[in-house]
Amino acid sequence: MRLVVAICSARQGIKRIKVESFDLRVYSNVSSIANGRQTALNEAMVRGFTHILFLDDDMTFPADLMNSLSKHRADLVAVNYSHKSKTTTGMVLGTDGKYVAEKSGAVEALRCGFGALLVDLTVPRRIKPPHFAMPWSDHHQKVLGEDYFFCDRVMKEGGRMICDLDVKLGHIGDYEYMLDDPHFMKATDAKHG
């Protein structure tokens, strides 16, 4: 596996760090998250990587994240995590079109947020750009995220997504929001913003 880890951020500065068997790229000060993700994906495909791990800069994750995600054989391997609110729903839509309610194991899914997503680049290589866009949804009466757009494109091409429910992520806002927290949030020392 040739892996690149892409962290997209609205913050300024760009860093590139070579770490053992993967590259870490921070795409910062991007004009839009869709453009940042497209740039990261394009670079990964041009450079011959087999996988890209998207991580948002406001996520906390376990040290063994890559080991957990790479054990699954799917085009997309997602992790469910909390919105930045006291909601009980996560960011992954199951094959029934509803938010995933299961708490452990692995389930098939259709759409997910990109807080932490491992992408096998085989299917995206077959898709004509743009891979990421933020289209208007008449049904929802709002703009849909670039993450759902990408998932829809991959699924249309016959892709398969697995959500690993055993990996626990934090989503940093005013608090570190966690799905498994009984109060739906956990205070954090992190200074974010």
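Each reported figure results from applying straightforward, stated rules to the coordinates on display, with no laboratory input. Being a predicted model, the structure only gives us computed values, none of them experimental. Heads up, the Cβs are rebuilt from the backbone with ideal geometry, glycines too, and the neighbour counts pull from every protein chain shown.
Within region 69-94, the set of residues being in a loop (DSSP other than H, G, I, E, B), surrounded by 13 or more Cβ atoms within 10 Å (Cβ to Cβ) and out of contact with any helix residue (DSSP H, G or I) (no Cβ under 6 Å at 6 or more places or on another chain) comprises His72, Ala74, Asn80, Tyr81, His83, Lys84, Ser85, Thr89, Met91, Val92.
Of the numbered criteria (1) farther than 20 Å from Ala101 by Cα; (2) in contact with a helix residue (DSSP H, G or I) (Cβ under 8 Å, 6 or more places away or on another chain), the one Val143 fails is (2). Which residues, taken from region 47-68, are within 24 Å of Asp152 (Cβ to Cβ) and either outside any loop (DSSP other than H, G, I, E, B) or not charged (D, E, K, R) (or both)? Result: Phe49, Thr50, His51, Ile52, Leu53, Phe54, Leu55, Asp56, Met59.
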